[in-house]
Amino acid sequence: MAAAEQNERIKQTVEKERKRLLHFIRKRVDNVADAEDILQDVLFQFTQYLRLGTDIDSLTGWLFAVTRNRITDWFRKKREDRFSDTMLPSAEGDGPLYLSDILPDTSAQTDEPLLRKIMSEAIMEATDELPEEQRYVFLQHEVEGRSFKEIAAETGISVNTLLSRKRYAVLYLRERLSQVYRELLND
């Protein structure tokens, strides 16, 4: 791909996705400056990948995956808040359940970058294993940053049903990913 073509692709993608990415980040990161920093990191990484000639099949999917990773890194660094703004009762009934609850604590004696890569792959794999209805609600809410009301208006499914589907998705992901984490610790 020629440099001018790359520059145009970068420009078009940034113009198209910048606002959505920033909205996605701002739903999870309260500080505007931190949100802008995360966005700049994502756009910089995107530019580097294209300049290296890396082929990205789904630009939007790739951008949101990188954004999620950057947000997770920011939270682990800051330890200020939870990854998800959605509080659901846990299966044990011992308080709210957050998406970040299924992610491992990387402060343990592990190779953090490798663990993050393995867990990211495991999250994608586990998400693909969800029933379609649960996967759709989970991705729309967590990845796309859409509210349950928006999803309900689009699909005609009640908010309570959507909440229930997301809850089951999170419970499955928590169990599935805790198994992966335990396997990593036992190796």
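The values are calculated or read from the model by the stated rules, or taken from the named source; none is laboratory data. The structure presented is a predicted model; accordingly, all values stated were derived computationally and were not measured. As a convention, Cβ positions derive from the backbone with ideal geometry for all residues, glycine included, and neighbour counts pool all protein chains shown. Areas reflect the complete protein model, heavy atoms only, side chains present, ligands, DNA and RNA absent. Shrake-Rupley method; radii C 1.70, N 1.55, O 1.52, S 1.80 Å.
Here's a check for you: in region 1-27, which residue that is of a type in the set (A, V, I, L, M) and under 18 Å from S58 (Cα atoms) is least open to solvent (accessible area, probe 1.4 Å)?
Residues of region 1-27 that are of a type in the set (A, V, I, L, M), as a first pass: 1-4, 10, 14, 21-22, 25.
Now restrict to residues that are under 18 Å from S58 (Cα atoms): 1, 10, 14, 21.
Numbers: M1: 124, I10: 18, V14: 37, L21: 1 Å².
Among them, the one singled out is L21.
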Query raised in the report: Only one of (1) closer than 21 Å to S120 by Cα; (2) outside any helix (DSSP H, G or I); (3) open to solvent by 60 Å² or more (accessible area, probe 1.4 Å) fails for D30. Which number is that?
Result: (1)
Query raised in the report: In region 142-167, what count of residues is obtained for those that are in a loop (DSSP other than H, G, I, E, B) and either at positive phi or of a type outside the set (D, E, K, R) (or both)?
Result: 6
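Would you confirm whether any residue within region 64-86 is in a helix (DSSP H, G or I), at pLDDT 70 or above, open to solvent by less than 40 Å² (accessible area, probe 1.4 Å) and more than 30 Å from L171 (Cα to Cα)? Spell out how you get there, then give the answer.
Taking region 64-86 as the starting set, the residues that turn out to be in a helix (DSSP H, G or I) are 64-78.
Of the ones still in play, those that are also at pLDDT 70 or above are 64-77.
Filter again for open to solvent by less than 40 Å² (accessible area, probe 1.4 Å), leaving 64-67, 71-72, 74-75.
From what is left, the residues that are more than 30 Å from L171 (Cα to Cα) are none.
Looking through region 64-86, none of the residues is in a helix (DSSP H, G or I), at pLDDT 70 or above, open to solvent by less than 40 Å² (accessible area, probe 1.4 Å) and more than 30 Å from L171 (Cα to Cα).
Does I102 satisfy the criteria of being at pLDDT 60 or above, crowded, with 16+ Cβ neighbours inside 10 Å and under 15 Å from the mean Cα position of the chain (by Cα)?
On the way: at pLDDT 60 or above: no; crowded, with 16+ Cβ neighbours inside 10 Å: yes; under 15 Å from the mean Cα position of the chain (by Cα): yes.
Taking the combined requirement at face value, the residue does not satisfy it.
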Report task. Hey, can you tell me all the residues within region 137-158 that are modelled with pLDDT under 90 and hydroxyl-bearing (S, T, Y)? Result -> S147
